[in-house]
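The values are calculated or read from the model by the stated rules, or taken from the named source; none is laboratory data. In this text, all values refer to a predicted model and were calculated from it rather than measured experimentally. Counting neighbours? That spans all protein chains shown, and the Cβs are built from the backbone with ideal geometry, glycine included.
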Amino acid sequence: MASSKDTQDTIIKKYHKNSLTPFELDITQSLHYQKANGKLLVFQLLETNAKVLSTTLQKLKVPERDAVTIIEFSCKIIINENEYELTRVFPKQESFYEPWEIEGILIWFDAVKKLDELLLESHGKCFPDKDARFAIQDVGYSICPEKIHAWCPLPEGTLKIEDCYRGEDCWMGPYDGADAHGGLDINHPIGTPLHVPFDLDDQFYFNSVAMGNNNNRWRGIRRWENGSEWIIHSNHLAELLVEERTPLKRGHHYAKTAGVWVGKHEHTHFNFNIHEDGETFLLDPWILFWQMYQDQN
Ligand SMILES: [Zn+2]
């Protein structure tokens with residue numbers, strides 16, 4: 001029989017707020033989420049899976065130059081007593097997916113821990129600590145309380161997987177067929193402008209060529225009034241056009257990008273992390289780009 005402590009450990013409680021709610025669950029754990037309308041949503045994780053759909057590697061987890069590996073991952077969940085199976089594939093055009101809409105919430109199914117059986121995590125941290133990672137928001141609400149400005153010039157319609165470095169460096173995409181990519185790369189010619197996607201409280205290079213690093217990695221931070229802290233990165237900047245450690249307004253042209261340590265293709269590397277309730281959640285930057293496309297309409 002489960003003790004009351006066990007019961008507490010297996011239920012995670014979250015409440016609707018005016019920005020995205022990320023969470024991780026182990027199998028046997030449930031999320032109790034109170035929606036904006038006050039109704040309770042019970043979200044339980046039953047099962048996760050990950051498999052290789054195709055690979056040109058001789059051996060999994062042993063990188064080979066220009067190798068291509070396509071991965072599928074899935075989960076079975078119960079939401080308010082109904083069972084659903086969610087499936088994702090990467091790196092493919094479908095990596096730029098629509099969130100599921102179930103019981104009045106939008107669900108981004110971000111990652112499963114079992115991916116670590118198929119890929120190395122040596123190209124930036126991206127795997128969840130628990131069995132699966134999700135992010136949710138009530139239908140009818142944006143992922144944050146401000147409209148998101150286009151961070152970089154957006155291709156018509158949606159992002160294009162062929163523009164992710166060699167077509168593989170979307171979120172967790174296998175670099176050289178084996179190394180999960182902890183970020184989203186978008187190919188840009190050097191000098192491409194980057195604009196601030198939402199008002200920032202602080203921003204700075206957290207490492208740079210001038211400091212002796214092999215990149216110019218920039219971080220922007222916003223703490224929403226609800227307490228959730230969003231941390232965004234844009235790396236490979238050619239030139240930062242603003243003074244560091246100053247707040248910036250949404251839409252400000254802050255950098256020329258894609259200029260240093262870009263490898264085979266001039267590109268920008270983007271990250272999106274949320275820190276709240278004492279935990280940091282590493283999320284697919286596509287979620288931000290998805291909202292950018294919504295906000296352009
Ligand atoms: Zn990258």
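Take the residues in the stretch 174-195 that are charged (D, E, K, R) and either under 13 Å from the mean Cα position of the chain (by Cα) or within 11 Å of the ligand (Cβ to nearest atom) (or both); name whichever of them is farthest from LYS61 (Cα to Cα). Within the stretch 174-195, the match that is farthest from LYS61 (Cα to Cα) is ASP185. The residues on offer are TRP171, TRP218, and the sole one that is within 14 Å of the ligand (Cβ to nearest atom) and assigned to a strand (DSSP E or B) is TRP218.
Kindly indicate whether GLY263 is within 14 Å of the ligand (Cβ to nearest atom), of a type outside the set (A, V, I, L, M), assigned to a loop (DSSP other than H, G, I, E, B) and surrounded by fewer than 21 Cβ atoms within 10 Å (Cβ to Cβ). Yes; evaluated as a whole, the condition is true for this residue.
Within the stretch 221-258, the set of residues being under 19 Å from PHE289 (Cβ atoms), away from the ligand (no atom under 16 Å from the Cβ), assigned to a strand (DSSP E or B) and touching a Lys or Arg at 6+ places or on another chain (Cβ under 9 Å) comprises TRP230, ILE231. So in the stretch 192-215, with the set limited to residues that are at pLDDT below 95 and in a loop (DSSP other than H, G, I, E, B), which one is farthest from VAL260 (Cα to Cα)? So the residue we want is GLY212.
Being free of Cβ contacts under 8 Å to residues at least 40 places away in the same chain and more than 25 Å from LEU288 (Cα to Cα) is a property that holds for GLU81. If you check LEU53, LEU41, LEU45 for being under 30 Å from LEU118 (Cβ atoms) and either without any contact (Cβ under 8 Å) to a residue 12 or more places away in the chain or buried (at least 18 other Cβ atoms within 10 Å of the Cβ) (or both), only one passes: LEU45. ALA210 - would you say it is over 30 Å from LYS51 (Cβ atoms), away from the ligand (no atom under 14 Å from the Cβ) and either touching a helix residue (DSSP H, G or I) at 6+ places or on another chain (Cβ under 9 Å) or of a type in the set (Gly, Ala, Ser) (or both)? For ALA210, the condition - over 30 Å from LYS51 (Cβ atoms), away from the ligand (no atom under 14 Å from the Cβ) and either touching a helix residue (DSSP H, G or I) at 6+ places or on another chain (Cβ under 9 Å) or of a type in the set (Gly, Ala, Ser) (or both) - is met.
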